[in-house]
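Report on the structure given below.
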Amino acid sequence: RNLVILISGRGSNMEAIVRAAIPGARVAAVISNRPEAAGLEFARRHGIATAVVDHKAHSSREAFEVALAAAIDAFAPDLVVLAGFMRVLGEAFVRRYEGRMLNIHPSLLPAFPGLHTHERALQEGCRVHGATVHFVTPALDHGPIVVQAAVPVLPDDTPETLAARVLAQEHRIYPQAVRWFVEDRLRLTADGRVVLQGVS
Ligand code: GRF
């Protein structure tokens, strides 16, 4: 199974997936919308093909997404993995990959869609927080949930300490979700339900 992983920055979730060396999965490419994304260097060091589709180099969102889809499709993906990818994707693009595109979001969706999730969880006085892997659908950060991980919020937490605790869980659940998909145990039904087979 060919994976194409999209990043915008550090790429620690991409790195976790590469390091998981999931049997039957091949990271065919790491693609970024930002030329300076640090994760591209990691991919290159690991002999993984990389590509940059710079959103600033395109006159419109549509033109960017057409170029991005072409770059992705050149690697014939079975699964597109958004990992710290910071562009909102339009409906046509999402529909093209529906059922074979995952994202990870640093909150327990449906709580805290959007940005600055750790600050917001602290502001709300949450006692638990976490991360969510979901299929990508046109509704931003609201796709069918595959797996979640919860972490405690501690009294002296800062956004940074909370983010680090959540990130450690992201690096556990994202490779797990990708493994389930590669093993044909995870799929999205036509009516938007997640089916997970043979998982305890
Ligand atoms: C992570 O918190 C992830 O949940 C969010 O972007 C952050 C950075 O991810 N999508 P990464 O280190 O670039 O994978």
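Of the residues in the stretch 149-167, how many are away from the ligand (no atom under 12 Å from the Cβ) and either closer than 25 Å to Glu98 by Cα or exposed (fewer than 15 other Cβ atoms within 10 Å of the Cβ) (or both)?
Within the stretch 149-167, the subset away from the ligand (no atom under 12 Å from the Cβ) is 150-158, 161.
Retained after the next criterion (residues that are either closer than 25 Å to Glu98 by Cα or exposed (fewer than 15 other Cβ atoms within 10 Å of the Cβ) (or both)): 150, 152, 154-156, 158, 161.
Of the residues in that region, 7 qualify.
Here is a yes/no grid of residues against (1) touching a residue at least 12 places away in the same chain (Cβ under 8 Å); (2) of a type in the set (D, E, K, R); (3) out of contact with any helix residue (DSSP H, G or I) (no Cβ under 6 Å at 6 or more places or on another chain):
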site: Phe42; (1), (2), (3): yes, no, no
site: Arg45; (1), (2), (3): no, yes, yes
site: Asp54; (1), (2), (3): yes, yes, yes
site: Ser60; (1), (2), (3): no, no, yes
site: Ala63; (1), (2), (3): no, no, yes
site: Ala67; (1), (2), (3): yes, no, yes
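Going by the structure shown, is Ala177 at pLDDT below 95 and either away from the ligand (no atom under 12 Å from the Cβ) or of a type in the set (Lys, Arg) (or both)? Can you show your working first?
On the way: at pLDDT below 95: no; either away from the ligand (no atom under 12 Å from the Cβ) or of a type in the set (Lys, Arg) (or both): yes.
So Ala177 does not fit the description; no.
Scan the stretch 39-93 for residues that are open to solvent by 60 Å² or more (accessible area, probe 1.4 Å) and polar (S, T, N, Q) and jot them down.
Ser59
Among the residues of the stretch 24-38, which ones are open to solvent by less than 80 Å² (accessible area, probe 1.4 Å) and either touching a residue at least 24 places away in the same chain (Cβ under 8 Å) or touching a Gly at 6+ places or on another chain (Cβ under 8 Å) (or both)? Can you show your working first?
Going residue by residue through the stretch 24-38, those that are open to solvent by less than 80 Å² (accessible area, probe 1.4 Å) are 24-25, 27-35, 37-38.
If the condition is that a residue be open to solvent by less than 80 Å² (accessible area, probe 1.4 Å) and either touching a residue at least 24 places away in the same chain (Cβ under 8 Å) or touching a Gly at 6+ places or on another chain (Cβ under 8 Å) (or both), then Gly24, Ala25, Val27, Ala28, Ala29, Val30, Ile31, Ser32, Asn33, Arg34, Ala37, Ala38 are the ones that fit.
What single numbered condition from (1) more than 13 Å from the chain's Cα centre (by Cα); (2) free of Cβ contacts under 8 Å to residues at least 60 places away in the same chain; (3) away from the ligand (no atom under 15 Å from the Cβ); (4) open to solvent by less than 60 Å² (accessible area, probe 1.4 Å) fails to hold for Arg96?
Going through (1) more than 13 Å from the chain's Cα centre (by Cα); (2) free of Cβ contacts under 8 Å to residues at least 60 places away in the same chain; (3) away from the ligand (no atom under 15 Å from the Cβ); (4) open to solvent by less than 60 Å² (accessible area, probe 1.4 Å) one by one, Arg96 breaks only (4).
Any idea which of (1) near the ligand (Cβ under 8 Å from one of its atoms); (2) buried (at least 17 other Cβ atoms within 10 Å of the Cβ); (3) not in a helix (DSSP H, G or I) is the one Arg10 doesn't satisfy?
(2)
Looking at the stretch 99-128, which of its residues are without any contact (Cβ under 8 Å) to a residue 40 or more places away in the chain and farther than 26 Å from Ala37 by Cβ?
Within the stretch 99-128, Pro110, Ala111, Gln123, Glu124, Gly125, Cys126, Arg127, Val128 qualify.
Taking the stretch 104-117, which residues are closer than 19 Å to Val146 by Cα, open to solvent by 20 Å² or more (accessible area, probe 1.4 Å) and within 11 Å of the ligand (Cβ to nearest atom)?
Pro106
Can you name the number of the only condition in (1) open to solvent by less than 30 Å² (accessible area, probe 1.4 Å); (2) in contact with a Pro (Cβ under 6 Å, 6 or more places away or on another chain) that Leu3 fails?
Answer for Leu3: the failing condition is (2).
Assuming Val88 fulfils every condition listed in (1) within 16 Å of the ligand (Cβ to nearest atom); (2) under 27 Å from Ala150 (Cβ atoms); (3) modelled with pLDDT of 95 or more apart from one, which condition is it?
(3)
Could you check the stretch 82-200 for helices (runs of 4 or more DSSP H) lying wholly inside it with 2 or more residues that are touching a strand residue (DSSP E or B) at 6+ places or on another chain (Cβ under 8 Å) and among the charged types (D, E, K, R)? Before the answer, list the steps.
Numbers: elements: 91-97, 117-123, 159-182.
Answer list for the stretch 82-200: 159-182.
The values are calculated or read from the model by the stated rules, or taken from the named source; none is laboratory data. What you see is a predicted model, and the numbers here were worked out from it, not measured in a lab. No Cβ is skipped: glycine too gets one built from the backbone with ideal geometry, and neighbour counts run over all protein chains shown. Side chains included, ligands, DNA and RNA excluded: accessible areas come from the protein's heavy atoms. Shrake-Rupley method; radii C 1.70, N 1.55, O 1.52, S 1.80 Å.
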